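Report on the structure given below.
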Amino acid sequence: MQLIIHPGYGKCGTSSIQAFLYSNLQYLEKTGIYLPDSNFNFSFERNVKSFNFSAPNPYFQDLITSRKISVFEKRIKQVLSQAKKVQCKAILISSEVLGHEWSFASAREIHAVFAKYFQERTVCFYIRRQDDYLVSSWEQWYHKVGESLESYVNESLQNHSPNYLKIVSFLEECYGPSSLQVFPINREVLIGKNLISDFCQRINLSIPESLVTDIRTNVGLNPYLCDILYRIPHLYNGHHDYSVKNLLTNFIGEKDLLLRNGKSILSMSLRRRVVEHFRSDNELLKTKYFNNLSVDEIFGLNAYAQEPLDNGELRLQIEELKNVIAIQMELIIHLLKESDKTR
């Protein structure tokens, strides 16, 4: 029986892959591939009364923080015993809890159990260019605690985060380099120019094209709007408070402005620092896992070619700020219209 592990990483397509997998469980099970739910239950188990269609992050989080590894080993034995009865060909696990630096010590024990009971293993890990990752993670989490983008990027560089190389080395130790696939998220080099198509190919899953969609989940707010919001952090109750985004989504009709990907918010000078900081890491990963690609094309500044002078960057900044004003104007007019109805 094969084990397929997708140890996701925040803002690296994990939610999109999980949304695809759990919305196509019926098809996957027909092919002999089974996934656990949030409680690490499988549909083929006799005593399972309800199945939650979501990844086992809560289960692994609980296991890491408050349970002995012997509990998990016993659970794996139970699962394998039942899986053989339904001719299960593969168990597929997608969980970002298994790939983050903060969980290495405890997660190592979980991976050791997987490695002990599965001889055939495929580990698929996606990475994202670090400058784009930092903008995206700031949008989603760190602007909410009053941190500016520049401050967050500087702090991340001091901590060498995101440390993909460290995670890959950890996974190599757990499963061996031959079991591991590492690939950058870049539409131009993904198989089918689509993350889902690429993932299916890498785990040898043949799936109808009708089921392969370009799923976008966890889409962040316009970063130029976040650049305003970080100055008023009292609106949020921590990193994972999505109430402001939900409120704006309900009121703002122009979603392309509200949720646009304004990568130009990161200045070229700061972007260059990020690219140079991680260059050696990216070279090592490229040499080992995607040697046919160019580091400069995937992680370099080629995709962010400047206009002849910095005037081009300034014009972009002005245009994006106009978009933020447009969002505010729509919200103001909407509220005025609602107020007018009550007169």
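Any read-out appearing in this document is the output of simple, stated calculations on the displayed coordinates, not a laboratory observation. Here the structure is a predicted model, which is why all the values come from computation and not from measurement. Methodologically, a virtual Cβ is constructed for each residue, glycine included, from the backbone with ideal geometry; neighbour enumeration extends over all protein chains shown.
Normalised by the number of residues in the chain, what is the relative contact order in percent for Cα pairs under 8 Å and 6+ residues apart?
20
Please state the relative contact order of region 4-74 as a whole percent: Cα pairs under 8 Å, 6+ residues apart?
Relative contact order for region 4-74 comes out at 22 percent.
What percent does the relative contact order of region 176-230 come to when contacts are Cα pairs within less than 8 Å and at least six residues apart?
20 percent.
Reachable lysines from Lys68, Cα under 22 Å, same-chain residues fewer than 8 places away excluded?
Excluding near neighbours in sequence, the set is Lys77, Lys116.
Roughly how compact is region 118-242, stated as its Cα Rg over 2.2 N^0.38 Å to two decimals?
Cα-based Rg divided by the globular estimate yields 1.29.
Diagonalise the Cα gyration tensor of the chain and give the resulting equivalent ellipsoid semi-axes, square root of 5 times each eigenvalue, largest first, whole Å.
Equivalent ellipsoid semi-axes, largest first: 38, 26, 19 Å.
For the chain, what is the calculated [θ] at 222 nm in deg cm²/dmol (nearest 500), taking -39500 (n - 2.57) for each run of four or more DSSP H residues and dividing by its residue count?
Here the helix-only value at 222 nm equals -15000 deg cm²/dmol.
What is the distance in Å between the Cα centroid of region 238-274 and that of region 1-62?
Using only Cα atoms, the two centres lie 29 Å from each other.
Computed over the Cα atoms of region 179-307, what is the convex hull's projected area averaged over all directions, in nm²?
Averaging across all directions leaves 11.5 nm² for the Cα convex hull.
Using amide H atoms built in the peptide plane, which far-off residues or other-chain residues are under 5 Å from Arg121 H to H?
Leu3
Straight-line reach from Lys166: which lysines have Cα under 21 Å away, leaving out those fewer than 8 places along the same chain?
The reachable lysines, counting only those whose Cα sits under 21 Å from Lys166, are Lys11, Lys286, Lys288.
Quick one: P(r) of region 42-137 from all Cα-Cα pairs, 10 Å bins, percents rounded to integers, in order of increasing distance.
12, 41, 33, 11, 3
Can you tally the net charge around Gln181? Count Lys and Arg as +1, Asp and Glu as -1, for every other residue whose Cβ sits under 15 Å from the Cβ of Gln181.
Spelling it out: positives minus negatives among the neighbours equals +1.
Around Asn52, which amide H atoms from residues at least 5 apart in sequence, or from another chain, sit under 5 Å from its own amide H, with H modelled in the peptide plane?
Ser38, Asn39
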